[in-house]
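Asker: Let me give you the structure first, and then I'll get to my questions.
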Amino acid sequence: MKTSNPVLARLGQAAERERAAGYAPAGGYGQPIPGQPYPTADGYPAAPPTVQPMSIDDVVVKTVTLLGITGITAVAAWVLVPDALLGPAWIGAAIVGLILGLVISFSRMANPALVVTYAVVEGVFVGVISKFFESLYDGIVLQAVVATFGVFFLMAVLYKMKAIRATPKFTRGLIAAMVGVFAVMMINLVLALFGFDTGLRSGGPLAIGFSLICIVVASLSFILSFHEVEEGVRMGLPQRYSWTAAFGILVSLIWLYIEILRLLSYFQGDD
C-alpha cells in the first residue's frame, strides 16, 4: 500500500522485507510459487508467517509503558540528583537524549531497547529540569503536567472528530515548521554558549511568542503521530513497530511539557 508519509513508506518497506524473510519455513524446504503468498511444502501451502501486525492497543500499551518508565526515572532523578549537579545532569541527559532520538528517528528498523533507553534518559532530563523550575516556582510542575495531558487529549478528540486531518499539505507544512523551530533552537543554543542573548528564552515578549509557537507546533505533531499509528495499522506493520509509534508520541509529550513549563515560568517571573 502506498502512503504520502515518507516515514511510513520507509517503515512499510522494512516491514515487507521482514515479512518476506519470515515466509521461509524453519526447515528450509519448499519453494514459493508465483501468485502464492506463502511457500509450499510437498504441494501444500505452508503456515502463514508468525509476525503479528501491530494494533492500536499495542501502541497504547507501549505508550503507557514508556510514560511509566519516564515518570519513574524522573522521580528518581528528582530525589537522587543533588542541586549542585542539576546543571550537568540536565545538559548531559539533553545531549544523550538528542543523539538517541536522532538514531531512533533515522533507523530503518524498530529497536525497542533503544526506545526504552531513550525513555530512561529523558526521564532524567525531565526530572532534573522539573526540580529546577519547582525550586523557583512552587506548583509549576503540576500545572505543566495537567496542561500537557489536557492538550494531548484535546488533540486526540480533534483527530477522532476529523476536525484536523493529516493531509499531505498539512504534513509537509508541519514537518517544515518542526525543522525550522529545531534549527532556531540550535542556533540560539550555540549563540548562548558564546554569551549572546537572542531573547528567545529570556522571559520577554519574544520568548513568550516563541514558546507559544513551539507549543502549537508540538500540539499539532500529535496529529501526525495519530495518523502514523492509523496508517501503520492499515499497512499491517509488524507488532514491534508499535514501539516506534509510541516513541513519536513520547517525544511530542516531553517537548510540549518543557515548553509549557517555560511559558508558565515567564508569567511567574516576578513572583
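No value in this document is a laboratory result; all are computed from the given coordinates. Owing to the predicted nature of the structure, the values given are computational and were not obtained by experimental measurement. Here the Cβ is made from the backbone with ideal geometry for all residues, glycine too, and neighbour counts use every protein chain on show.
Asker: Among (1) part of a helix (DSSP H, G or I); (2) under 30 Å from ASP138 (Cα atoms), there is one condition LEU200 misses while meeting the rest; what is its number?
Answerer: Evaluating LEU200 over (1) part of a helix (DSSP H, G or I); (2) under 30 Å from ASP138 (Cα atoms) leaves (1) as the failure.
Asker: How about the stretch 75-124: which of its residues are in contact (Cβ under 8 Å) with a residue 40 or more places away in the chain, more than 30 Å from LEU237 (Cα to Cα) and surrounded by 22 or more Cβ atoms within 10 Å (Cβ to Cβ)?
Answerer: Matches in the stretch 75-124: ALA77, VAL124.
Asker: Can you name the number of the only condition in (1) farther than 27 Å from ILE99 by Cβ; (2) touching a residue at least 60 places away in the same chain (Cβ under 8 Å) that GLY209 fails?
Answerer: Going through the list (1) farther than 27 Å from ILE99 by Cβ; (2) touching a residue at least 60 places away in the same chain (Cβ under 8 Å), GLY209 breaks only (2).
Asker: Only one of (1) under 21 Å from GLY68 (Cα atoms); (2) under 15 Å from the mean Cα position of the chain (by Cα); (3) assigned to a helix (DSSP H, G or I) is not met by ALA110, so which one is it?
Answerer: The single condition ALA110 does not satisfy is (3).
Asker: Just to be sure, is ALA245 closer than 14 Å to ALA156 by Cα and under 15 Å from the mean Cα position of the chain (by Cα)? Steps first, answer last, please.
Answerer: Values: closer than 14 Å to ALA156 by Cα: no; under 15 Å from the mean Cα position of the chain (by Cα): yes.
Against the criterion (closer than 14 Å to ALA156 by Cα and under 15 Å from the mean Cα position of the chain (by Cα)), ALA245 does not qualify.
Asker: Taking PHE182 as the residue in question, decide whether it is assigned to a helix (DSSP H, G or I), closer than 24 Å to VAL61 by Cβ and either touching a Phe, Trp or Tyr at 6+ places or on another chain (Cβ under 8 Å) or free of Cβ contacts under 8 Å to residues at least 12 places away in the same chain (or both). Let's see the steps before the verdict.
Answerer: Numbers: assigned to a helix (DSSP H, G or I): yes; closer than 24 Å to VAL61 by Cβ: no; either touching a Phe, Trp or Tyr at 6+ places or on another chain (Cβ under 8 Å) or free of Cβ contacts under 8 Å to residues at least 12 places away in the same chain (or both): yes.
Criteria not met by PHE182.
Asker: Can you tell which of GLY150, GLY209, GLY232 is buried (at least 17 other Cβ atoms within 10 Å of the Cβ) and part of a helix (DSSP H, G or I)? Steps first, please.
Answerer: Working: GLY150 fails: buried (at least 17 other Cβ atoms within 10 Å of the Cβ); GLY209 fails: buried (at least 17 other Cβ atoms within 10 Å of the Cβ).
Checking each option against the conditions leaves just GLY232.
Asker: Return yes when ARG240 is charged (D, E, K, R) and farther than 30 Å from SER265 by Cα and no when it is not. Lay out the reasoning, then the answer.
Answerer: Working: charged (D, E, K, R): yes; farther than 30 Å from SER265 by Cα: yes.
Against the criterion (charged (D, E, K, R) and farther than 30 Å from SER265 by Cα), ARG240 qualifies.
Asker: Scanning for something surrounded by 13 or more Cβ atoms within 10 Å (Cβ to Cβ), of a type outside the set (Phe, Trp, Tyr), touching a residue at least 40 places away in the same chain (Cβ under 8 Å) and assigned to a loop (DSSP other than H, G, I, E, B), does the stretch 250-258 turn up at least one residue?
Answerer: no
Asker: Please work out if SER135 is polar (S, T, N, Q), within 22 Å of ALA76 (Cβ to Cβ) and surrounded by 20 or more Cβ atoms within 10 Å (Cβ to Cβ). Let's see the steps before the verdict.
Answerer: Numbers: polar (S, T, N, Q): yes; within 22 Å of ALA76 (Cβ to Cβ): yes; surrounded by 20 or more Cβ atoms within 10 Å (Cβ to Cβ): no.
So SER135 does not fit the description; no.
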